[in-house]
Structures are given as C-alpha cells and as structure tokens.
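*Asks:* Please read through the structure below; I'll follow up with questions.
The values are calculated or read from the model by the stated rules, or taken from the named source; none is laboratory data. Just so it is clear, the structure is predicted and the values come from calculations on it, not from any experiment. Reconstructed Cβ throughout: ideal geometry from the backbone, glycine too, with neighbour counts over all protein chains shown. Side chains included, ligands, DNA and RNA excluded: accessible areas come from the protein's heavy atoms. Shrake-Rupley method; radii C 1.70, N 1.55, O 1.52, S 1.80 Å.
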Amino acid sequence: MDPPPYESVLQDHGSNNFFSPVTAVSKEFEIEVADPVKQGESVAAYVSYKVRTKTTHVKYHAPFNEVTRRFRDFAWLHDKLVEKNKGHIVPPLPEKSAVQKYQMATDFIEQRRRALQVFVNRVASHPVLKDSSELETFLQANEEHWMLEIAKWQAETSAQHRPVSAAAQWFKNLQHSAQSLVSGRADEMQEDAEYIKIRDYINSLEGHLTEAHRQAGRLLRKEADLGAALTEFASAAELLGKQDNEGPMRVAFGCLYTRANEVAALSRMRSEAIAVEFAAPLKEFARTIKSVQVAMADRASALSAYSQAKSDLDSKKVRLAKFRGTPGLKEDKIAETERDVNEADQRLRNAKLGYETIRDTMREELNRFQKERAAEMSAVLRDFALAQAHSTAEQAKGWGELLRDLQQAAVGGS
C-alpha cells in the first residue's frame, strides 16, 4: 500500500491557498490539529490546540472526539511510544525553541501546528503504533484523566534522570567497552553486514537532508525578497509616472506599477508555498532520520546488553569451574555459584530475545521506511518542479501582459 502523501496531513485555515484539505491518512483515522490559542504570558506562555479525531478503529468508543492538548502533551505521546516500542521508527516531534516560544510569533505557532498535525497523523498511519493504548489515551482521555497521566509521566521522567543512576550506567558501559576491546569482540563485529550498510547510509542521509532543507530556506527567502523588491520597484515606478501629468509616460509607468505588483504577489505566494510544500517536508524528513537513529540506538543498546550478559555468564562459569577444582571448598559456596550461573544464563536468554526482537522489528521497519520515504520524496520533488514551472509561467505571463499594455499605450499616444 502506498504511503499517505505529505499534503494529506495539512489543512486550509483560510490564510494560505496552498494548504490542502485534511484527508484520511488511513482507513481508520482522520486527525486534525486546529485552533491554536496562546495561554499565559512570558516564559510561562504556551499554546493549546484542539485535536479532532474521526475514526473507525474498533478500540475507540466514539467515531468522533475532540480534546485540548498542548506541545507537552504531544511530547508525552512521543516519549511513551519510544519507550514501549523499541526498534520501531516513532514519528518525530518538531524541535523545541525557547526563543520562538518566548516570542510566540504567528508564523511560529502555525508552523508548529502543522508539524504537530503531521506527527499525530504519522502515528495514526503506522501499522503498529496506530493500535497503541497511548494513542488512544492521547486522542480520547478527558481533562481529569489526562492531567493524571501527565503528572505520573513527569514524576517518572524526573526519577529516570537522577545523576547517580546515569553515572552508574555510564560506568557500566565503560566497563563493557573495555572488556570488548580486550576480548576483541566489539559489538559492531556481531552485527549483520547489510544492516551496517543501511546504518551508514542513514547517518550520511541526515547531513544531506539537513543541507537540502537549508538551501530550500534560502530559496524561499530569495523568492520573498524578490516579491518585496518588486513591490518597492512598482511604487517607485508609480511615483515616477506621476511626474508626467497626463502624458504617455504616466500611462506607461502606471502599467508597470500594476503588472509589477501582480508579479510581486506571485513571488510572495510562491515563497509561502515553498515553505509549506517543500521546506517543511524536507525538514520533517530530516527529523525522521533522527527517529531512525533512535531505533538504531535501541538496537545497539540491546546488542550491548546481550554482549554484557554473555561476558557475565562466561566469567561466572570460569569462577564455578575454579571452585569445583578447589579441594575442600564448602558445598554451599559451590551451590551459590551454580545459582549465579543459572541466573546469568537466564539473563543471557532474555537479552538475546530482546536483541533478536528489536533486530527483526527493525528489518520490517527499515523496509517500510525506505519504501515510504522514497515515494514521498519523489512526490514532493515532482510537485515542487510542477509548482515552480507554473509559477514561472505565471510571472512570464505577467511581464508579457505588461509588454502588450506598453504597446497599446504607444499606439494610443501616437
């Protein structure tokens, strides 16, 4: 099945003709993030959104529901999905910006609204994430239930980021890295060669997409600058024409004023369209690469845990063999070591299962990701080329009409 087109997760708020209407991104969900409202002032300010859902999913108690959510709530959904779906590519959230949040400019609010709508619709079209209890809670929980979920999540997040536990994990990882170097069994050597190729491709793709987005930003700014320059040029032409009371120059410069303003409007509209239809998808593609890298990091952590468990079992087996070969050692000491070996063996089995589960999940996820993104990128580039050709033709038409106006004015003045 082809992936949903990027424009299917955008909507028209009446402010931009280039927005496409919301359409269902899957057979089960149609989700709209709308009506952004600024709440509070200064650093405590935030924006709330209406999240409206139409669904035929059997888990949902009503075909339509509306809730109020803020950026923090979307972050809850994202983080919960990442936590509970290791190896899956969870759609990315838009980046946080302390400066933009403080300013709360209209453009920033609208860009974030669109990005949040893309995010939640991506989740709802994912073959696994769409069935998650987290998405159901996000889309349907009433205010009281939702605030309890957020409070619980914030408490859990605070506990997980205690410095002592982080330092302990860092030291544990350092020990394992040293052991791997000594034994010559680096984790990467245990990975599939084909996966390593894909991983390296993904890592290089991030830089290329980031640069493409940067250049798209330059393109839309140049288009906006051209529109502004043409508007100023049109005003200057009008003033110049007024110096010739009723003569032919007044008519000619009047025609120039009219047509230059029309072309300027086309440039402004094209700049806005590039931002939404080209720059925004490129930025989202780049963010998605980071989501893929998160899944890859989960895989690397699982492999590291598997290797650590294997090393731990090996060392405990050596210790048990040593005890068994020691004359006069108490039986309870040997029995205790045997229990340690059995426990380490069970941890190894669990770690192996965890790694293999993520590995198999990622095989399907990477295949899906590559197919969908290739189709979407092709569609975005095709639409960009068509829009550029159409815009250039319209601008050429505007200058052509100016030429016709000037020729008519010259005939009329002769």
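*Asks:* Below 14 angstrom from the Cβ of GLU211, what's the summed charge of the other residues (Lys, Arg +1; Asp, Glu -1)?
*Replies:* Charge balance near GLU211 sits at +2.
*Asks:* Same structure again: Pairs of alpha-carbon atoms within less than 8 angstrom and 6+ residues apart define the contacts here; what relative contact order does segment 194-307 have, in percent?
*Replies:* 38 percent
*Asks:* In addition: How many Å³ per residue does the convex hull of the Cα positions in segment 195-310 occupy?
*Replies:* Cα convex hull per residue, to the nearest whole number: 80 Å³.
*Asks:* In whole percent, how big is the carbon plus sulfur part of the accessible area of segment 272-414, probe 1.4 Å, protein atoms only?
*Replies:* Answer for segment 272-414: carbon and sulfur cover 55 percent of the accessible area.
*Asks:* Please list, ordered by chain and number, the residues whose modelled amide H lies under 5 Å from the amide H of VAL47; skip anything fewer than 5 residues away on the same chain.
*Replies:* GLN39, PHE71
*Asks:* Say the cut-off is 30 Å between C-alpha atoms; which of LYS130/LYS310; LYS86/LYS333; LYS84/LYS197; LYS283/LYS397 go over it?
*Replies:* Where the Cα-Cα span goes over 30 Å, the pairs concerned are LYS130/LYS310; LYS86/LYS333; LYS283/LYS397.
*Asks:* In Å², and per residue, what accessible area does segment 222-311 have when probed at 1.4 Å with the other protein chains present?
*Replies:* Here the residues of segment 222-311 average 44 Å² of exposed surface.
*Asks:* Rounded to the nearest 10 Å², what accessible area does SER307 show when all protein chains are kept and the probe is 1.4 Å?
*Replies:* So the heavy atoms of SER307 present about 0 Å² to solvent.
*Asks:* Mind putting a number on the dipole of segment 331-414 about its Cα centre? Charges go on the C-beta only, +1 for Lys and Arg and -1 for Asp and Glu, and I need it in Debye to the nearest 20.
*Replies:* Charge dipole, segment 331-414, about its Cα centre: 660 debye, nearest 20.
*Asks:* What aspartates and glutamates does LYS59 reach when the alpha-carbon gap must be under 17 Å and sequence neighbours fewer than 8 apart in one chain are set aside?
*Replies:* Answer for LYS59, where 17 Å is the Cα cut-off: GLU28, GLU30, ASP131, GLU134, GLU136, listed by chain and number.
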